[in-house]
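What follows is a set of notes on a single structure, which appears directly below.
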């Protein structure tokens, strides 16, 4: 029992631990799924917001081109008034400008932007003059700019340089917006990377360019403002695929990237450039969540498991104590019952001995009698006493018996009476049946009376084939049919049980009423059948 209890405690502990672990991982999986959903949503918004912001830049540049194409004279104030909504709405804008086409200008080395190679772009100013080396080179000189205070020195600068010439040539040839290579913006102490969108403005004939509209944008500020809600979730690296150099924007720590950790990539097509956005989620969102509530659930589950084991252990201890007490009481009762059974067997043994003594006393009495009728009466009484004594003998011989084996009793009864007529053969057909003690004594006396009667009166001395049969069958409703048959001469023709002079049939009838049985007989020249039907009572 102790081992089975240990197994039970182990099963409870295992089940509780598995359930607690499942709750722990289920809660963390919920947080991980939520983080993954947050990352996927942020990635989707990065592409959407960047595309939308670049479309706003394109719209501003295109609007400026339409404005200059349809307006003859544009002053600085008018230009500021027209471009102020764009400047206020666009993220990362340094300035919006108008550069008019000029020929064979005098130039001065003044930097506006710096290329990736570190060479400054030559920009002529109206202050000093230097003759251009290439008289056929067209120059676009900055005439209007907004905002003015921080960018006033750029007025008069020549924009046609090697670094942005490709973008100018592209917009002139395609009549569409073109973006410059990534450039270092010279304004400000940090010299951040940026880009310059440019669109040509044609004359009324749509054949000759009259100037270009452009803007200068700082990538850091554009990204920080456009993706202010996504940057706490994602690390980004933005590079121009046509310009294999330092990225526009990069917050990804390449040293911290695992070899098997893939980067999400988004391709953004903007005018003549292709931007590739590499995305790496923030470490705290990809790491295992270790949610506080998961640890609480784990500890609660383990604590509940231990509490359950304690409760079950206390209950088992109580049951063990109860089982021991019951076992002790059972042993005491068994000992008491054994003593009672031994006492009862001893009583039956003494009753049997006393009945044998009584039968012996009757034998002594018979020896002093001369009256034949009296002697026969005493012999009948001896038979009845022997039948009862035989019942008590069967009881004390069978240890703990509460009932009598009917077949065994019938065999012993026939053997005890065979000396009356030794020549008579007998057959007993009886299944395994037990009858209770209250029924056994009347059945014993009735059977003894009928057997003695058959031995004494049924057979003549000439009948060498004398046969006595006792047949027992079980009927429905727990009833038993006991039939004693002989092949003797049969009863007298007008025989009636109620009119017999002997005491035997009177005793039989009274005992039948006592056990609720039914007694009947059938007789002929071929023999006599006596039948007793009685209810089998279950011994308790």
Item checked: Pick from region 408-427, criterion surrounded by 16 or more Cβ atoms within 10 Å (Cβ to Cβ) and touching a residue at least 40 places away in the same chain (Cβ under 8 Å), ranking: farthest from residue 478 (Cα to Cα) -> 421
Next item on the list: Collect the residues in region 291-333 that are surrounded by 11 or more Cβ atoms within 10 Å (Cβ to Cβ) and within 23 Å of residue 233 (Cα to Cα), keeping them in residue-number order.
Entry: 291, 293, 294
Check: Taking region 264-287, which residues are farther than 19 Å from residue 235 by Cβ and touching a residue at least 60 places away in the same chain (Cβ under 8 Å)?
Finding: 270, 271, 272, 273
Notebook entry, point to check: Just checking, how many residues over region 227-253 are part of a loop (DSSP other than H, G, I, E, B) and in contact with a strand residue (DSSP E or B) (Cβ under 9 Å, 6 or more places away or on another chain)?
Noted result: 13
Notebook entry, point to check: How many residues does region 264-308 contain that are assigned to a helix (DSSP H, G or I) and modelled with pLDDT of 90 or more?
Noted result: 17
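The values are calculated or read from the model by the stated rules, or taken from the named source; none is laboratory data. Because the structure is predicted, anything quoted here is derived from the model rather than measured. Methodologically, a virtual Cβ is constructed for each residue, glycine included, from the backbone with ideal geometry; neighbour enumeration extends over all protein chains shown.
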